[in-house]
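Asker: This is the structure, below, for whatever I ask next.
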Amino acid sequence: METRMEDAMAKTNVRYCLKCGKCTGSCPLARVNPEYSPRQTVERAILGRKDQILRGKGVWWCLTCELCSERCPQEVRYPDFIRACRIEATAKGIEHMCAHGGMLAELQRAMTSPEVKQDRLGWIPKGAKVSGTGDLLYFVGCLPYFDVIMEKIKPDSVAIGQSVVKILNRVGVTPAIMPNERCCGHDLLWTGEVESFKKLAKLNMDEIAKTGAKTVLMSCPEGYRTLKLDYADLFGELPFEVVHTSEFFSRLIDEGRMKFDKSIDRKVVYHDPCRLGRHLRVFDAPRKVLSSISGVQLKEMERSRAEAMCCGVDAWMCNSNSKQMQIERLREARMSGADLLVTACPKCQIHFRCVMSEKLPKSVFPVPDEAKIDVMDLSELAAKAMGL
Amino acid sequence: MDEKPSVLVIGGGVAGIQASTDLANRGFQVYLAEKLPSIGGRMAQFDKTYPTLDCSICILAPKMIDCFRHPNIKVLAYSEVKSVSGSAGNFTIEILRKPRFVDAARCTGCGQCAEKCPKKIPNEWELNMAGKKAIYMPFPQAVPRVMTIDPENCLYLTKGICRVCEKLCQAKAIDFSQKPETVQIKVGSIIVATGFDMIDPSKFPEYGYGKYKNVIVSLEFERLICASGPTGGHLVRPSDHQKPKTVAFVLCVGSRDVKAGRVYCSNVCCLYSAKDAILVKEHEPDVDAVIFYTDLRAYSKGSREFIDRAIRDYGIKYIRGRPGEIREDHETKSLTIWYENTLSRKVEKLQADLVVLSVACVPRGDTKELAKVLGVELDEYGFFKVADPLYAPLDTTVRGVFACGFCTGPKDISDSVAQASGTAAKAAEVSMMYARAVPRAVKKGG
Amino acid sequence: MGEKFEPKILAFTCNWCSYAGADMAGTSRMQYPPNIRIVRLMCSGRVDPIFILNAFKAGADGVLVSGCHPQDCHYIDGNEKAVTRVEFTKKMMEKIGLNPERLQLEWISASEGAKFAEVVAKMVERITKLGPNPLKR
Amino acid sequence: MQQAETVKKAEIAEKPRIGVFVCHCGTNIGGIVNVPEVVKYAKALPDVVYAGENLYTCSEEGLASIKSAIKEHNLNRVVVASCSPRTHEPLFRAACESVGVNKYLFDLVNIRDHCSWVHMHEPEKATEKAMDLVRMAVARARHLEAQEETAVQITKSAMVIGGGVAGMTAAVSLADQGFDVTLVEKEPKLGGMLNHLHLLYPGMKSAGDTLEPIRGMVEDSPRIRVMTSTDVKSVKGFVGNFDVTLQGKDGKESQLKIGTILVATGAAVLAPKGLYGYGELKGVITQLELEDVLKSGNLKKPKSVVMILCAGSRIPERPYCSRICCMNAIKNALILKERYPDTDVYILYRDIQAYGRNYEEYYRRTREMGVTFIMFLKDDPPVVSADGKELKVSVNDPLIGERLDLKADLVVLSTPFIPQEMSKGLSQVLRVPLSPDGFFMEAHAKLRPVDFATEGIFLCGTARGPADVPESVGQAFGAAARAAIPMALGKVMAEAITPAVDIDLCIGCGLCERLCPYGAIKVEQTSKGKKASVAEAACKGCGVCGAACPEQAITMRHFTNKQILAQVEAAFAR
């Protein structure tokens, strides 16, 4: 994990840049924010304009959605380069952006203390079978916290976790759930607080070890990426397998263990979360789950799979253009002819629901009717289709 | 040697033709093996050539015909090199002659058979933008002028029915009894000139080739703008055969692209796209032509001046920036190109009705097999590896086997032709060497 | 109003420079007025005054003789011979009341397509001013 | 003297039977000129018994239609209205001969290059002009006569002018193909440009090591005669029979009779006087000067080097791109970086020409090693100034919209190849043309890159235009192969456009003898008195004598007065 701009330049192919501008021409943010240009950031880096970059806003604006690196002809891994810059900027004490205006960041930092005792099980539905240990651990992520912090827009994130648990029980699995699970550290890592991230990672690794889990199931793609790639980067090969709910479900379907008896008669379109899709190349599993549900008509957006557009926010760093991008994406979803937008990321779901929620000043973010659409998580829809 | 020195040339494009005629004209016996039914290669598919804006087929056809008619050249069209043994000075080669099911000696190429043939199939020479029949002439200026039956599609050869062509042909040229035959030849040296192919553009989903009808590749454009092409030379877009208002050319699609496995520059795109843009203006002066480039590579003789003219005299618009993505409007089928104009440093979008992708040039698909047969090495991109790129650019890794033109790496026509003549010199040197005892006459004590 | 006077110009060009220059004008798509007709000879030195006078007799409003630049002649100095002949012809033209300006000698090389187009355009303009060839009955 | 050998002559029917074939050339002609109208018009012309049209007359199909029409209508004259005789006459002539019509009974009208392509916006007038041109050709065709060609013997030795890598390669190849070669070099030593270079791309081999083996081959070959410090003073004659006069720097002259000539005189490099402070500011040098110190090792480690490309090229007075400068700069940047990893190297460019199979890899490696590339625009070039003992280069980088100030202790200018000073002179000695850029002009940019239009003379290397070593070598072999053709055959057929003297009309005035540039026509005493007689092989058919003969006793074959005057008449016969 590079923590300095110079090291990152070599590791992320920045020096190979051809200055062709394909990155900036692809960047969803650059389209709505004329001040932002990945290409120029890279060229300035090559010219040794370090200060200009570390002190610039651009470093914090990047969505790290990897659309640019997906297309870069020289394989410049811009988001990884940006992350290193954020880490160095933070280390240099340069004022930086925090997850959700700092509120979440504070909680996440708090969790780095070994002493903290959280209430992390309150959301578990009555009668659900869960345990402290087991082969399969469900790593819930920060869902319970979201509902509190974002309660204004009623994200109802725990519904995702509840659906997952119900589904697992239905197929005869009793998941282990950690009473003292920490934030995975994704947001701190991507906002440059690498030390706090390392603490959280260590604590989680110990907790996971206690459960004896062979498989860690994630319903949050950002957490999924963090464990699968960034923990592995820290601790080497992990002693357990990390899977995302969409992958796990599609396996169950293959094994004939997951059956959908309720028909859902809706036109559904799937939004690929950047970290599940481009970062980890999971494109087929969620679509397979959806197309196995009777009644579901699966649509595709113009930009889907590796071409998918970001929901406009990463690591809770909402910027002044995020809402614009979300509206653009919602409009695209509607254009596909769908009436239900399914995603596999609690954060994407919150961002979409947020922009459409009544709580936002309409004068600032008027969501046109042709962009309004129901949003639901894959697990919830799957649970519904199983009559749960 | 009292009998004529002989050479095998593999590939009947402009380079192969040049090498063959140069050798034949000095009295060598030349065998020219071409895997397609006609010689001519890529250049026959182009509409015009840069920087002179010559009509491509017009300047090529005479060479094709000279070559075919030459008493010292045996053109083995529709043939493949199957095996090579021996070494420099005396190679023995087996060539498979595929059956045309048409007697070349009798066929007049009148084409009546094709008119009546009931089986319509895609015409890959026209890049499937037009159709042809199961019995066909590859293109109007094809050489030799002999019809060929496609065995995969001929109703008689597949289902045992029809034989309309046979009944119809006054020349009695149709011969379903033809079998593949292997001819054996002995030559002193071999010249490889197999030319190039294009990378599969669907590797770049951001540009929508294959998904959007009005996104085409440059070779398709050459056919589209060519009088003998599928639209009779009318500039229309595939979706609705309407005249476009704006035509955009996107360079470096897969070239200078590590991800696509093509670090190299395809060498010819900057110039032919300028030429193509000029053709747009010549056909339809009111149509806008825009070219997206990264570095404008106009270095060959007269080509920088050519680009200057494209801008000054024809009003071609150049934008420095490699587009990020191309999206289609599902109603109008027009395209929106998103790009950063790197010189004004603004992200902009351009509405175009037709987009032409300059895709990376790559070795011919069957180069690997041919290399195996010849026992020569290929480079990491699959081009024929030259003995030394600096001072032995025409030698392969096997003595007596030479290569010229695009098959050793991207080159324009004039470089390919110069190299082709060069390999002719090389082949002549070989024949001299083996005509004499000593490899090279050396001054005694000099 | 009678229709606008369209001069007819006959050109004698050498094969090596000027004819090639005219070809170059073509491949470069240099547009020029369609008033000119070319007679290809091997060398401008082949141009016999008789050819020129016959052209005027036949109704040419102007005659262009064009060859390689001095020193560049494919035949060493044929173009210099053309100079003497054209001068000689101009004198004869004066005698028979033809404005010698109707006869023009130009050096145009194989690479001067633009110059060829320009020479023709200028000449057409000039001859148009001079009006129709008086020998035309 | 050449012994003449005749080709069989097809007998001609007395009455002309002319066939006219009008070509659409796809849409090149048909898109502007109304071809069917022209055909209709041609049909009505005197002695025209057949007229037809083709999409491409030069295609096998088109040629077949000519042949069948000749048979069917028993044509004895053929006129094709299509493109330039300079490219297509041989093809159509061959088609006619193949069915027994002598090739001199054919005429080609250029209604494309001289009509449709230059009158694209006036279709009616273009059609009218096409009709006139066809009428003129038909008028001439009525007077065409079959001709016999004579074979000219070829001296089986070549002269290569220029002893650089291209010239030496060509010489060695020709020798290895069995021909004697005289290699003429104006400098005292062989090697040309490579004598001044350090390492060469691709491969980073030293120029010396590249040069040595080939110089060895040149010196060892018994077939190659090397003449250094020698200039070509004069060249007379024609393909197969060139009489060359060489002049040594010592003024000594020597004569040479050779069959073919290869021009490999290379190029010079622009000295950028007044550019970017060159010659005024200490530390501003050219790439060539940099190579020199890199080679000799007399370079003290620089802290920062700024290279400026296109110094003197891609500007109005020199619009061409010099092709090799980008890669040459990249090469030297690599050498610098390998020698002094912590030296800052900047390359200021307009477009990086890292073309083809090998070069992008070098460009990429240079970026990897930390060489910084900065783009600039033509109208906003870098400014070099002295800042104490340090140099300052100020450049506006349009890609980030900021002006950058770079300190440098070396500023290296990439200056373009320019034509050798002697090019103009040599082009006049050889009677071959130069391109607008001043380099030697090939017969056809695409299909005859190493030929001159003049038979028997060829070119290769940087004499033709900027090229790197592999390209020059490739062209050298190419030129060698082209030159070998006539020499291997031992003879070429001379066009039958030479004069025929009417003994009865000739008064033996000798004007023709005085004017003939080749001494090919001489007045000799005959039984009928002093009469002019022609030395076929020496004559090149310019027609100067024909135009001069006061008695009209000289008939220029295939360009007879009768034919030309008919053409002239016809031009206005509507």
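Asker: If we scan the stretch D:156-172, do we find a residue that is on the phi < 0 side of the Ramachandran plot, surrounded by fewer than 22 Cβ atoms within 10 Å (Cβ to Cβ) and of a type in the set (A, V, I, L, M)?
Answerer: So far as the stretch D:156-172 goes, no, none of its residues is on the phi < 0 side of the Ramachandran plot, surrounded by fewer than 22 Cβ atoms within 10 Å (Cβ to Cβ) and of a type in the set (A, V, I, L, M).
Asker: Here are the criteria: (1) within 13 Å of chain D (Cβ to nearest Cβ); (2) buried (at least 21 other Cβ atoms within 10 Å of the Cβ); (3) at pLDDT 95 or above. Tell me which single one B:Glu34 does not satisfy.
Answerer: (1)
Asker: Follow-up. Inspect all residues belonging to the stretch D:532-541 and state whether any of them is without any contact (Cβ under 8 Å) to a residue 60 or more places away in the chain and at the interface with chain C (Cβ under 8 Å from one of its Cβ atoms).
Answerer: For the stretch D:532-541, residues without any contact (Cβ under 8 Å) to a residue 60 or more places away in the chain and at the interface with chain C (Cβ under 8 Å from one of its Cβ atoms): present.
Asker: Run down B:Ala298, B:Ala352, B:Ala371 and say which single residue is within 30 Å of A:Met335 (Cβ to Cβ), of a type outside the set (Val, Ile, Thr) and away from chain A (no Cβ under 14 Å).
Answerer: B:Ala352
Asker: Something else about it: Tell me whether the stretch A:314-323 contains one or more residues that are in contact (Cβ under 8 Å) with a residue 12 or more places away in the chain and not in a loop (DSSP other than H, G, I, E, B).
Answerer: Within the stretch A:314-323, one or more residues are in contact (Cβ under 8 Å) with a residue 12 or more places away in the chain and not in a loop (DSSP other than H, G, I, E, B).
Asker: Keeping to the stretch B:377-397, report how many residues are assigned to a loop (DSSP other than H, G, I, E, B), more than 8 Å from chain D (Cβ to nearest Cβ) and among the aliphatic types (A, V, I, L, M).
Answerer: 2
Asker: When the stretch B:243-262 is examined, which residues are found to be out of contact with any strand residue (DSSP E or B) (no Cβ under 8 Å at 6 or more places or on another chain), part of a loop (DSSP other than H, G, I, E, B) and touching a residue at least 12 places away in the same chain (Cβ under 8 Å)?
Answerer: B:Lys243, B:Ala260, B:Gly261
Asker: Residue by residue through the stretch C:60-70, note down the ones that are farther than 9 Å from C:Ile9 by Cα and of a type in the set (Gly, Ala, Ser).
Answerer: Those that are farther than 9 Å from C:Ile9 by Cα and of a type in the set (Gly, Ala, Ser): C:Ser66, C:Gly67.
Asker: If we scan the stretch B:187-198, do we find a residue that is aromatic (Phe, Trp, Tyr) and in contact with an Asp or Glu (Cβ under 7 Å, 6 or more places away or on another chain)?
Answerer: The answer is no; no qualifying residue exists.
Asker: Oh, and also: Any idea which of D:Thr366, D:Thr343 is free of Cβ contacts under 8 Å to residues at least 40 places away in the same chain and polar (S, T, N, Q)?
Answerer: Selected residue: D:Thr366, the only one of D:Thr366, D:Thr343 that is free of Cβ contacts under 8 Å to residues at least 40 places away in the same chain and polar (S, T, N, Q).
Asker: Next question. Just give me the residues in the stretch B:396-411 being farther than 15 Å from D:Ser472 by Cα and in contact (Cβ under 8 Å) with a residue 24 or more places away in the chain, in sequence order.
Answerer: Passing the criteria: B:Thr396, B:Val398, B:Arg399, B:Gly400, B:Val401, B:Phe402, B:Ala403, B:Phe406, B:Cys407, B:Thr408, B:Gly409, B:Pro410.
Asker: Ok, one more. Surrounded by fewer than 20 Cβ atoms within 10 Å (Cβ to Cβ), over 22 Å from the mean Cα position of the chain (by Cα) and not aliphatic (A, V, I, L, M): which single residue out of D:Pro302, D:Pro319, D:Pro272 fits that description?
Answerer: Among D:Pro302, D:Pro319, D:Pro272, only D:Pro302 is surrounded by fewer than 20 Cβ atoms within 10 Å (Cβ to Cβ), over 22 Å from the mean Cα position of the chain (by Cα) and not aliphatic (A, V, I, L, M).
Asker: Being in a helix (DSSP H, G or I) and either touching a helix residue (DSSP H, G or I) at 6+ places or on another chain (Cβ under 7 Å) or within 10 Å of another protein chain (Cβ to nearest Cβ) (or both), is that true of even one residue in the stretch D:22-32?
Answerer: no
Asker: Something else: Out of the helices (runs of 4 or more DSSP H) lying entirely within the stretch D:51-170, which hold 2 or more residues that are modelled with pLDDT of 95 or more and of a type in the set (Asp, Glu)?
Answerer: D:123-141
Asker: Next up: So, in the stretch C:49-100, exactly how many residues are in a loop (DSSP other than H, G, I, E, B) and within 12 Å of chain D (Cβ to nearest Cβ)?
Answerer: Here the count works out to 13.
Asker: Which condition number in (1) within 26 Å of B:Lys203 (Cβ to Cβ); (2) surrounded by 18 or more Cβ atoms within 10 Å (Cβ to Cβ); (3) within 16 Å of the chain's Cα centre (by Cα) is the one that A:Arg305 fails?
Answerer: In the conditions (1) within 26 Å of B:Lys203 (Cβ to Cβ); (2) surrounded by 18 or more Cβ atoms within 10 Å (Cβ to Cβ); (3) within 16 Å of the chain's Cα centre (by Cα), A:Arg305 misses (2) alone.
Asker: Okay, next question. Specify which of the listed residues (A:Leu54, A:Leu67, A:Leu29) is of a type in the set (A, V, I, L, M), touching a residue at least 40 places away in the same chain (Cβ under 8 Å) and more than 26 Å from B:Val253 (Cα to Cα).
Answerer: Among A:Leu54, A:Leu67, A:Leu29, only A:Leu54 is of a type in the set (A, V, I, L, M), touching a residue at least 40 places away in the same chain (Cβ under 8 Å) and more than 26 Å from B:Val253 (Cα to Cα).
Asker: Condition first: at pLDDT below 95 and either touching a His at 6+ places or on another chain (Cβ under 8 Å) or at the interface with another protein chain (Cβ under 7 Å from one of its Cβ atoms) (or both). Now tell me which residues in the stretch A:32-58 satisfy that.
Answerer: Once the filter is applied, which keeps residues that are at pLDDT below 95 and either touching a His at 6+ places or on another chain (Cβ under 8 Å) or at the interface with another protein chain (Cβ under 7 Å from one of its Cβ atoms) (or both), the stretch A:32-58 yields only A:Pro34.
Asker: Would you confirm whether any residue within the stretch A:101-110 is of a type in the set (S, T, N, Q), in a helix (DSSP H, G or I) and in contact with a His (Cβ under 6 Å, 6 or more places away or on another chain)?
Answerer: no
Asker: When only residues in the stretch B:53-85 that are free of Cβ contacts under 8 Å to residues at least 60 places away in the same chain and either in contact with a Cys (Cβ under 8 Å, 6 or more places away or on another chain) or over 18 Å from B:Ile17 (Cα atoms) (or both) count, which is farthest from the other protein chains (Cβ to nearest Cβ)?
Answerer: B:Ser85
Asker: Can you list the strands (runs of 3 or more DSSP E) lying wholly within the stretch D:202-265 that have 3 or more residues being in contact with a helix residue (DSSP H, G or I) (Cβ under 7 Å, 6 or more places away or on another chain)?
Answerer: Ranges flagged: D:230-238, D:260-263.
Asker: Pull up the stretch D:202-235, narrow it to residues that are surrounded by 16 or more Cβ atoms within 10 Å (Cβ to Cβ) and in contact (Cβ under 8 Å) with a residue 60 or more places away in the chain, then point me to the one that is farthest from D:Leu334 (Cα to Cα).
Answerer: Ranking the qualifying residues of the stretch D:202-235, first place goes to D:Val235.
The values are calculated or read from the model by the stated rules, or taken from the named source; none is laboratory data. Because the structure is predicted, anything quoted here is derived from the model rather than measured. With ideal geometry, Cβ positions are generated from the backbone for all residues, glycine too; neighbour counts draw on all protein chains shown.
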